[in-house]
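First comes the structure, then the notes that go with it.
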Amino acid sequence: MSTLRLATWNVNSLRVRLPHLGEWLAANPVEVLALQETKIPDEDFPREAIEQLGYRVAWYGQRTYNGVALLARAPLEDVASGIPGFPDEQRRVIAATVDGVRIVNVYVPNGQSVGSDKYEYKLRWLAALRDYVADALTRHPRLALLGDFNIAPEDRDVHDPRAWEGSVHVSEPERAALGALLATGLEDVFRRFEQPEKSYSWWDYRMMAFRRNAGLRIDLILASAALARNCGACHIDKAPRRLERPSDHAPVVAGFDI
DNA sequence: ATGGCTAACATGGTTAGA
């Protein structure tokens, strides 16, 4: 029996956030960390800088946009990039098996605005992800799907549900797509535990949104039943959002007995 | 009021994020 701590963090440029990443991992030596929006082409990935922090790493990135990486203390096995059968130039998914647990790290498309081409892409992308995860679950009973989902699951995950009503990140089709993901046999482990009211993981850079706690909870850790039942804790760490030049997202952490 | 910040790319203004 050991503890597997999983974390997810949209760093909004790994280059800019490397100092924060080093500080955070020193204080929070999780076993696995899923990063999104690395914004670095594969050939320029700062592998040595990550390894010096004591982690192995697998990455799948591109210039300027998107990009994901998986950091782990233990070896990353059966690394897979993208969604099989869903050709996509945008690099948003990387998966690996760590300590016998399948980890799928996702950066779900933003969707821009309801009805836009990007919104339609987001829904198509989520449908493909559902099929991918459903298939993976048949081979990996212990599976975690974590990352930036760009969907607030419920109104309590939104600072001002009235203002956001019907808009991208909360619209009914997006929430239905998240529901279809959960229906494959996954659970949002954050809600297994008592949490502070108005818990969010993202705050706009503008209008002093962080100081006003005007945020959304869109960064999630979903676990299969076999994994979720052994989840001992889950929390959002707001500390890095208070630093100088922060990411607009905060890390989310969950611990599992495996 | 569709702005407001931040990052990338480029080296000033556009694109994108959420």
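Only the coordinates and a few stated rules stand behind these numbers; no lab work does. A quick note: this is a predicted structure, and the numbers were derived from the prediction, not measured. All Cβ positions, even for glycine, are placed from backbone atoms using ideal geometry, and neighbour counts span all protein chains on display.
Residue exposure proxy: A:208, A:1, ordered by other Cβ atoms within 10 angstrom of their Cβ from fewest to most, comes out as A:1, A:208. Compared with the rule-of-thumb size 2.2 N^0.38 Å for a compact globular protein, the range A:1-150 has a Cα radius of gyration ratio of 1.02. Centre-to-centre separation between the Cα atoms of the range A:31-83 and those of the range A:204-235: 21 Å.
How far, in nm, would the chain grow between residue A:182 and residue A:89 when pulled straight, counting 0.36 nm per residue and subtracting the alpha carbon separation?
On the way: separation 93, 0.36 × 93 = 33.48 nm, distance 2.59 nm.
That works out to 30.9 nm of additional length.
Between A:42, A:248, A:219, where does the largest GNM mean-square fluctuation fall for chain A, given springs only between Cα atoms within less than 10 Å? Per the Cα network of chain A with a 10 Å cutoff, A:42 tops the list. Computed from phi, the 3J(HN,Hα) profile of the range A:219-236 under the Karplus parametrisation 6.51, -1.76, 1.60 (θ = phi - 60°) reads 9, 10, 10, 9, 10, 5, 4, 5, 8, 4, 5, 9, 7, x, 6, 8, 8, 9 Hz, with x in place of Gly and Pro.
Residues whose amide H comes within less than 5 Å of that of residue A:101, counting only those at least five positions distant or on another chain, are absent (H built at 1.01 Å from N in the peptide plane).
Could you sort out which of A:198/A:238; A:39/A:238; A:39/A:122; A:122/A:238 sit more than 24 Å apart by Cα distance in this structure? Before the final figure, lay out the partial values.
Working: A:198/A:238 12 Å; A:39/A:238 22 Å; A:39/A:122 19 Å; A:122/A:238 27 Å.
Pairs exceeding the cut-off: A:122/A:238.
Under Stokes-Einstein, with the Kirkwood radius over Cα pairs standing in for Rh, what whole-number D in µm²/s applies to the range A:112-177 at 37 °C and 0.692 mPa s? Don't skip to the answer; put the middle values down first.
Numbers: Rh = 13.2 Å.
Value of D from the Cα-based Kirkwood radius: 249 µm²/s.
Mean-square fluctuation check for chain A, GNM, Cα pairs under 10 Å: which of A:192, A:63, A:211 is largest? Top of the fluctuation ranking is A:211.
If you bin all the Cα-Cα distances of the range A:86-205 at 5 Å, starting from zero, the percentages per bin are 2, 10, 20, 22, 21, 14, 8, 3, 0. Annotation for residue A:237 and residue A:156: the two label points, set 7 Å from Cα along the Cα-Cβ direction, are 2.5 nm apart. Ranking A:76, A:10, A:96 by Cα position along the charge dipole of the range A:1-118, where only Lys, Arg, Asp and Glu carry charges on their C-beta atoms, puts A:10 farthest toward the positive end. Would you look at the GNM of chain A, springs on alpha carbons closer than 10 Å, and say which of A:244, A:48, A:31 moves the most? Sorting by GNM fluctuation, first place goes to A:244.
Give the dimensionless ratio obtained when the Cα radius of gyration of chain A is divided by 2.2 N^0.38 Å. Kindly include the intermediate steps, with their values, before the conclusion.
On the way: Rg = 16.8 Å, N = 258, 2.2 N^0.38 = 18.1 Å.
Cα Rg divided by the expected 2.2 N^0.38 Å: 0.93.
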